[in-house]
């Protein structure tokens, strides 16, 4: 260790004590410190490099490297251009102010007191100048780089072919040009203000400005310099006033007709617009007066002009419009505002794609007295779905999970698949990987062995088996059934949120069957190759996992898969799109494809009212499901198109974007900015086309707008008498909006059923029904996307969803039956309340599920049906319809005997415990108890029903115990099918 010696300073001559010296650190210490510093810098540099390099590798792996490079170079270009402009503006004015400083001899006493500050910075003034300019340049460059979308839209903007009604400019001016002009204007203001502050401080420091000294407050040079900067500021204000004129067309304001009004009103067109023009002229004159000080060397006229501009802004820009609103508009508001409301109505309907919606009168009351005929018409009118995809996920989980490390989404999806040559509504879900179910969690298991899910599970949407379970059309592991042969491994899915390393020395667990675990090694080319040590080091740093760098489980052929949810993959390769909250799977051309709907949006469509997507797309499902995201939480838009259909391959992760709306100018603009990223619509295969559908989030936005914009008359719109609302979901207590439902049905003007997306609407503040709304969701039909609204007369009081639910709950027989279903530890869950237009009235159908009695999953036990004041609560849909209409007919629900016999052919799994005699005996007892309970229920023998329920619970518990003892059910779980079957 080096010795330290200290020496006291001499005071007044000789030494007053021992000499103590401070020794310099040894060369070894200096070398060590320098080495540590270099290593720290290298570590920081490599950390930044790792983030950049891994991003580049990922984009290259998905074949969208052009998106990365275009975005990167745009950001870099904006950073350097605007950073340099800001640095030059500030630096030049500091240099100019310093150059204009007065001679030292001319400085006042006040300025001479600042001499010590000038002397202090004199040795460092060049470095100080560089530091200040570099700092403001970095801040300005970083701010400008975030405007890359605005720049690309301005450079590549495509005309809309539509003009606004006020200024007769193409809509593209407001959508693409005006945002860029406003950014440029804001940048100009910032540069001018910073330059003005920097110049003023420099002039003060070097004597050009005086505050307390007598005589002139500023030198002639300082006066001229600062006047020019103030003139530039006022000139920019003039430009701002001119742009504000056009900004009125896209300005949002509160209006009693709507709280999201956009566009000019009477006061805007007749007060604000002329006021902005007058203020523009005043600002131009004021700016010229400031520039004139270069010759006059006096502040008198510019100050007077600036004061006049401020006073005019208060009187002309504020007071005058208030007077017009108070004394011209308010006394006769409807007449004054009607022309502008008509413009808003037209623009809003066009911007949201609801201008072609068909609103027709609908009586709301059945017209046919022959109920037997109506009974036969039900099957032709709709394929009524009694399997609620938002309820039966736990049933899929228990019956088809097979292993704990698989899971299904909270909400399943509805699609169409052909059976016997006819499309039928199908509830579908993927058996995705669930890391929380892995028997032993560690780094190897989480990222190398358990890497993918396996198979599709699907069930008929319109029927259930005799035990109330889904009638599976695709099931088991590996999955088999109606879907034929396809690649079943699911490496990319909604639940796959962590990375996996595949294809290397470490084998993966593929799936398990009776013969044991099957292993597999990934054969796709997805992901990034980790054979390169630089790549391994970069991912070790980027993911904060050093084992990636040195693990022996990584070798030749190892590839890392990440960004694995469909939504984040599409968002990454198309950051200019807004993604729908619900991706859904489909078996297409022998592959599992995730289908993702994507939107192009803007908030610059003149006169079109704005909406907040996050609020509009929220409903009772998004409130309870983490996987179903809310679109763009606080993104306000006033134009939206479902312009892109995207697919993500569940095995390879390949992403494809297809141009869906071929007329959308916003999409055309982005396709110019990112060429070759979107494939033409003609590339969509027929198999894929069969599974595309109308997106839910777009439909939610449109139904919210149609609650007000279904009227086309300005007077009615202003009165608010025809305002509707989206009702709350009556089947739960969240208080959130009812979600739209997919089902195959036909509207009164249609000849056959089409796959549709439907919803009900009620009057504002009331619960009776105002309208029924449906959109054709099948792209294979000619009127895909056509919105039909059946408007009920205001004189009728047709029951809305909440009233229907209350009616179900209040009828004594139904209420007592539900009370009995809740016996013991059972829970009753209400499925989707579906409404179907039928002969002038509305048929409501609601499946009722029971969870309990030893079961961990809901089973369909009852079906509620009501029509024309008649209500039924029966075991099956057919029985309920027969009771309501007083006759027999056929629906899409097969009779129990047919379902029983065909279950195996359709992929329905027979009870896995059937080979165990003890389990089989217990299941037979459970079936007898269940049948006895149903008989007792029909006779209203509640004592016998309670005894049957107790026997059923005992038999099921006995079956579970026997199955667990035999090792059935997978990984020690209870028997998956431990429920009564016929």
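Principal semi-axes of the equivalent ellipsoid, √(5λ) from the alpha carbon gyration tensor of the chain, are 65, 43, 24 Å from largest down. Given their separation in residues at 0.36 nm each and the Cα-Cα distance between them, residue 346 and residue 713 gain 131.1 nm when the chain is fully extended. The ranking of 609, 61 by Cβ neighbour count inside 10 Å, starting from the fewest, reads 61, 609. The residue 870 and residue 359 beta-carbon pair, evaluated with R₀ = 35 Å, returns a calculated FRET efficiency of approximately 0.75. For region 323-408, the equivalent ellipsoid derived from the alpha-carbon gyration tensor has semi-axes of 50, 29, 12 Å in decreasing order.
The rule of thumb for compact globular proteins, 2.2 N^0.38 Å, goes into the C-alpha radius of gyration of region 384-490 1.13 times. Shape index of region 219-347: Rg/Rh, with Rg the Cα radius of gyration and Rh the Kirkwood radius from the inverse mean 1/r over Cα pairs, equals 1.14.
Distance between the pseudo-spin-label points of residue 132 and residue 550 (7 Å out from Cα toward the beta carbon): 5.2 nm. Beyond 18 Å, the tail of the calculated P(r) for region 538-614 holds 64 percent of the Cα pairs. Ranking of 773, 44, 747, 184 by neighbouring Cβ atoms within 10 Å, starting from the fewest: 44, 184, 747, 773. For the Cα atoms of the chain, what angle does the longest principal axis make with the long axis of helix 533-542, in degrees from 0 to 90, nearest 10? Rounded to the nearest ten degrees, it is 90.
Helical runs (DSSP H, four residues minimum) scored at -39500 (n - 2.57) apiece and divided by the length of the chain put the mean residue ellipticity at 222 nm at -13000 deg cm²/dmol.
With neighbour counts taken as other beta-carbon atoms within 10 Å, the residues 456, 38 rank, fewest first, as 38, 456.
The share of alpha-carbon pairs in region 237-310 lying farther apart than 20 Å comes to 45%. Note on residue 515 and residue 48: with the Förster distance fixed at 56 Å, the Cβ-Cβ geometry gives a FRET efficiency of about 0.65. Across region 643-734, how large is the tail of the calculated P(r) beyond 15 Å, expressed as a percent of all Cα pairs? Of the Cα pairs, 74 percent sit more than 15 Å apart.
Computed over the Cα atoms of region 133-219, the ratio of the radius of gyration to the Kirkwood radius (Rg/Rh) comes to 1.26.
In region 219-347, Cα pairs under 8 Å separated by at least six residues give a relative contact order of 31 percent. A simple spin-label model places pseudo-atoms 7 Å from Cα toward Cβ; at residue 201 and residue 883 they are separated by 8.2 nm. Report, to the nearest 10°, how far helix 178-205 tilts away from the longest principal axis of the Cα atoms in the chain, using its own Cα long axis and a range of 0 to 90°. Between helix and principal axis, roughly 30 degrees.
Taking 20 °C and 1.002 mPa s as the conditions, I'd like the Stokes-Einstein D for region 720-877 in µm²/s, using the Kirkwood hydrodynamic radius from alpha carbon pairs.
The diffusion coefficient I find is 127 µm²/s.
For region 565-692, taking Cα atoms only, Rg and Dmax work out to 14.9, 47 Å respectively. The calculated P(r) of region 382-446, using every Cα pair and 5 Å bins from 0, goes 4, 16, 20, 18, 15, 11, 7, 4, 3, 1, 0 in percent. The calculated FRET efficiency for the pair residue 813 and residue 931, based on their C-beta separation and a Förster distance of 30 Å, comes to about 0.90. Relative contact order of region 748-868, taken over Cα pairs closer than 8 Å and 6 or more residues apart, is 16 percent.
Which whole-number percent is the relative contact order of the chain (Cα, under 8 Å, 6+ apart)? Across the chain, relative contact order equals 12 percent.
Readers should treat all values here as calculations from the given coordinates under stated rules, not as data from a laboratory. Since the model is a prediction, treat every value here as computed from it, not as a measurement. Every residue, glycine as well, gets a Cβ built from its backbone with ideal geometry; the counts of neighbours run over all protein chains shown.
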